[in-house]
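Data first, discussion second: the structure below is written as structure tokens.
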Amino acid sequence: MLVMKNVNKIFQTADIQTHALRDFSLTVNEGDFLSVTGPSGSGKTTFLNIAGLLETYTNGDFLLDGEDVGKLNDKGRSRMRNEKIGFIFQGFNLIPDLNLYDNVDVPLRYRGFNAKERKRRIIENLDRVGLASRLKHLPSQLSGGQQQRVAIARALATDPRFLLADEPTGNLDSEMAQGVMSLLEEINQQGTTIIMVTHDATLAKRARRQVQVKDGRVSELDLVNHRAIA
Amino acid sequence: MLETGLIFRALMRNKMGAILIALQIALTMAIMVNAIFMIQDRQQQMKRPSGIDENNTFYLTNTVFAQDHNFQAELQTDLNTLRKTPGIVDAIQINAIPLSGGGWSMSLQHEPGEDKDAIGSALYMVDEHGINTMGLNLIAGENFSQEDIQWRGQGQSTWPPKTIITKAFAAQLFPDDWQTAIGKTFYISQTQPMQIIGIVEALQAPWNGWDGVERSMLVPFQMESSSSYYFIRTEPGKRDKMMPIIEKVLAESNKGRIIRRITTVEDTRKRSYRQHNATNKILTTVVATLTLITSFGIVGLAIFSINRRTKQIGTRRALGATRWQIMRYFMVENFLISTVGVFIGSIGAIGLNMWLVSTFNLTPISFELILFGIVALLIVGQLAVLYPARKAALIAPATATRTI
């Protein structure tokens, strides 16, 4: 469970203060598939970065799986990212010098699994996304959709409680985007909580729950009438 | 968990920069190890004892210009004066000064005649005070007696029948047991017999670069020469005080000569090894510069690599890497590159040393020095990569989600 209460994020430069998030309160329950929409600069990515422990927040309360994130140091946040969160990035963010096997291996090594366990997880998850036969291929030898599938396999390999996706279909054509979306839905049905930031209203509607971020504030959308609920 | 395998495979797909740095490390290693070897070799040479009591000895040149000079009488007067002067332990006339760069050499051979094998030696003409004045250590046999001392005229080609040689010379003549040299007769100037009556522990030749620098012989001669050295030993700690006193005493006792070039043996040693010292400084500078350039190369490659992989580092952080794991990644990467470099460098160092050994007759490089070079360059590599690795570790995990 992810709980944010009155979270604020202020970026401070020499003479400008920017409120990226204002009194941001949101609860994401176990098994949710939440889409986050909003215009550019609304604070979607800031929310995702804070939810994924990639960035700290200025004030407020944030509990992730019952743990007070504000009390964690850098090492503690790294550990929590590795154990509880999987990331899917718009640009896939695969390591170009490593083949698919080694790419999926990266977070497993940070976890400290032994070689046998790592191999099992790598093959199982690449198989899950339909790429087990291409273990030795480099990312550059795959299509965009296939690269995003590898990124999903990498994100799932550590058995995360939350999957955070930042515009996961942003760099894909519509056919590939549909494929990736279907895969995310399948993963969600198997119990993983997904939070997906997207510009694409059509894809956002496929989520079980939608929120909109505007000027750093979040509002829940009525899925029937597509209106923001106060 | 170390990512050695992943790092190695990633390096293999992007190897040009790594290869260039590895080659730079290899070149540095080959040159560094051999330069240190040459420095050590020179330092060893400079540390060799001359056999003389260097702290308490000095010498001067006595040049006579008076026409009616009685060499024998005036030499005895001078030596008597010197030996009786308070603060002076002993004094002699001598033909050459160890490590001064100029002197005499002769050869001794086991059998008389031409075309016989002979071993070269530096030759010092001294009287029975020679051993005491120079502070030599007589380790076998006996010293010359007063009766053994002969006068040597200008151009004389005959030699006295006795000699005292150094242990190194005796060991060369009798490789099995140097002590058996005592009492043996050898031949000087091909046919003149000369009996070894004593062995001193050490007395270096005038030429520090000669491979027979430890081979010297004393012959019981006093020279009837218009120019010769007086070699003087003072009581401990009185050398510098006595030098001007002796100069004055000698100059005033005989106006028909010039006393000049009063020099300590310590200064002679310094002058003798001036080139060694200069070469060592140059080699040290070369080693330091090369190491510095290699360090800059490592820093440059690492910074370039980090700037190129900023997003990748952010992604690794997002996937759970701690700052230390990011730092360790670059340190392990550098370690792998350096290991290849020092491996190639070790082969290069040995190859270069083999060439130096065959060309300049040096001794082969030691395994310990190669090991030192390996360890030193691995440490230099790790220190050089520390700053860039730390910079990498500070890259924010949020970099992973940035689109620019």
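The values are calculated or read from the model by the stated rules, or taken from the named source; none is laboratory data. Values in this document were obtained by computation on a predicted structure and should not be read as measured data. Counting neighbours? That spans all protein chains shown, and the Cβs are built from the backbone with ideal geometry, glycine included. Just so you know, the surface numbers come from the protein's heavy atoms only, side chains and all, with ligands and any DNA or RNA stripped out. Shrake-Rupley method; radii C 1.70, N 1.55, O 1.52, S 1.80 Å.
Residue pairs whose Cβ atoms lie under 6 Å apart, sitting 6 or more positions apart in sequence or on different chains, and linking a residue in region B:383-404 that is under 9 Å from B:Val299 (Cα atoms) and assigned by TED's automatic domain parsing to the domain that holds B:Arg308 to a partner that is assigned to a helix (DSSP H, G or I) and of a type in the set (Ser, Thr, Tyr), are B:Ala384/B:Ser295. Those strands (runs of 3 or more DSSP E) of region B:147-263 in which at least 2 residues are assigned by TED's automatic domain parsing to the domain that holds B:Gly101 and open to solvent by less than 50 Å² (accessible area, probe 1.4 Å), considering only elements entirely within it, cover B:162-166, B:185-188, B:192-200, B:216-223, B:227-234.
Counting only helices (runs of 4 or more DSSP H) that sit wholly inside region B:305-404, those with at least 3 residues that are more than 30 Å from A:Leu48 (Cβ to Cβ) and more than 14 Å from chain A (Cβ to nearest Cβ) are B:323-360, B:367-393.
Within region B:10-22, take every residue that is closer than 29 Å to B:Thr322 by Cβ and open to solvent by 10 Å² or more (accessible area, probe 1.4 Å) and give me the one that is nearest to the chain's Cα centre (by Cα). Out of the qualifying residues, it is B:Ile21.
Restricting region A:51-73 to residues that are in a helix (DSSP H, G or I) and crowded, with 19+ Cβ neighbours inside 10 Å, the residue that is nearest to the other protein chains (Cβ to nearest Cβ) is A:Ala51. Scanning region A:181-207 for residues that are within 14 Å of chain B (Cβ to nearest Cβ) and surrounded by 19 or more Cβ atoms within 10 Å (Cβ to Cβ), we see that the one that is farthest from A:Gly66 (Cα to Cα) is A:Thr198.
Answer yes or no as to whether B:Leu319 is aliphatic (A, V, I, L, M) and over 18 Å from B:Met16 (Cβ atoms).
Working: aliphatic (A, V, I, L, M): yes; over 18 Å from B:Met16 (Cβ atoms): yes.
In short, yes.
Residues in region A:134-180 that are assigned to a helix (DSSP H, G or I), open to solvent by 40 Å² or more (accessible area, probe 1.4 Å) and within 13 Å of chain B (Cβ to nearest Cβ): A:Ser140, A:Gln141.
Residues in region A:3-50 that are within 14 Å of chain B (Cβ to nearest Cβ) and surrounded by fewer than 16 Cβ atoms within 10 Å (Cβ to Cβ) were compared, and the one that is modelled with the highest pLDDT is A:Phe11.
Mind listing just one residue for me: the one in region B:39-49 that is among the polar types (S, T, N, Q) and touching a residue at least 60 places away in the same chain (Cβ under 8 Å) and, of those, farthest from B:Ile344 (Cα to Cα)? Please lay out each step first, then the result.
Of all residues in region B:39-49, those among the polar types (S, T, N, Q) come to B:40, B:43-45.
Now narrow it down to the ones that are touching a residue at least 60 places away in the same chain (Cβ under 8 Å): B:40, B:43, B:45.
Numbers: B:Gln40: 23, B:Gln43: 28, B:Gln45: 30 Å.
Going through the qualifying residues, I end up with B:Gln45.
Can you name the residue in region A:74-95 that is polar (S, T, N, Q) and free of Cβ contacts under 8 Å to residues at least 60 places away in the same chain and, of all such residues, is most open to solvent (accessible area, probe 1.4 Å)? Spell out the reasoning first.
Taking region A:74-95 as the starting set, the residues that turn out to be polar (S, T, N, Q) are A:78, A:82, A:90, A:93.
Then keep just the ones that are free of Cβ contacts under 8 Å to residues at least 60 places away in the same chain; that gives A:78, A:93.
On the way: A:Ser78: 0, A:Asn93: 15 Å².
So, considering only residues that are polar (S, T, N, Q) and free of Cβ contacts under 8 Å to residues at least 60 places away in the same chain, the one most open to solvent (accessible area, probe 1.4 Å) is A:Asn93.
Within region B:97-123, if we keep just the residues that are open to solvent by less than 40 Å² (accessible area, probe 1.4 Å) and among the hydrophobic types (A, V, I, L, M, F, W, C), the residue that is farthest from B:Gly256 (Cα to Cα) turns out to be B:Ile119.
Could you pull out the residue among B:Val219, B:Val200 that is within 25 Å of B:Gly101 (Cβ to Cβ), touching a Phe, Trp or Tyr at 6+ places or on another chain (Cβ under 8 Å) and at pLDDT 95 or above? Lay out the reasoning, then the answer.
Numbers: B:Val200 fails: touching a Phe, Trp or Tyr at 6+ places or on another chain (Cβ under 8 Å).
Answer to the selection: B:Val219.
The set of residues in region B:350-383 being open to solvent by 10 Å² or more (accessible area, probe 1.4 Å) and small (Gly, Ala, Ser) consists of B:Gly351, B:Ser358, B:Ser366, B:Ala376. Go through the residues of region B:89-96 one by one and say whether even a single one is over 29 Å from B:Ala171 (Cβ atoms), open to solvent by 10 Å² or more (accessible area, probe 1.4 Å) and part of a strand (DSSP E or B). Looking for residues that are over 29 Å from B:Ala171 (Cβ atoms), open to solvent by 10 Å² or more (accessible area, probe 1.4 Å) and part of a strand (DSSP E or B), one finds at least one in region B:89-96, hence yes. Only a single item in (1) more than 14 Å from B:Leu250 (Cα to Cα); (2) part of a helix (DSSP H, G or I); (3) open to solvent by 20 Å² or more (accessible area, probe 1.4 Å) is not met by B:Thr81, and it is number (1). Note on region A:33-50: residues that are aromatic (Phe, Trp, Tyr) and assigned to a strand (DSSP E or B) amount to 1.
Could you list, in sequence order, the residues of region B:247-271 that are over 26 Å from the mean Cα position of the chain (by Cα) and either within 15 Å of B:Thr133 (Cα to Cα) or of a type in the set (D, E, K, R) (or both)? Of everything in region B:247-271, those that are over 26 Å from the mean Cα position of the chain (by Cα) and either within 15 Å of B:Thr133 (Cα to Cα) or of a type in the set (D, E, K, R) (or both) turn out to be B:Glu247, B:Lys248, B:Glu252, B:Lys255, B:Arg257, B:Arg260. Checked against (1) touching a Ser or Thr at 6+ places or on another chain (Cβ under 8 Å); (2) at pLDDT 90 or above; (3) closer than 30 Å to A:Thr18 by Cβ, A:Arg161 passes all but condition (3).
Of the residues making up region A:96-132, those that are within 8 Å of chain B (Cβ to nearest Cβ), open to solvent by 20 Å² or more (accessible area, probe 1.4 Å) and in a helix (DSSP H, G or I) are A:Arg109, A:Tyr110, A:Arg111. Here B:Ile7, B:Ile36, B:Ile25, B:Ile52 are screened, and the one residue that is among the aliphatic types (A, V, I, L, M), within 14 Å of chain A (Cβ to nearest Cβ), touching a residue at least 24 places away in the same chain (Cβ under 8 Å) and buried (at least 18 other Cβ atoms within 10 Å of the Cβ) is B:Ile7.
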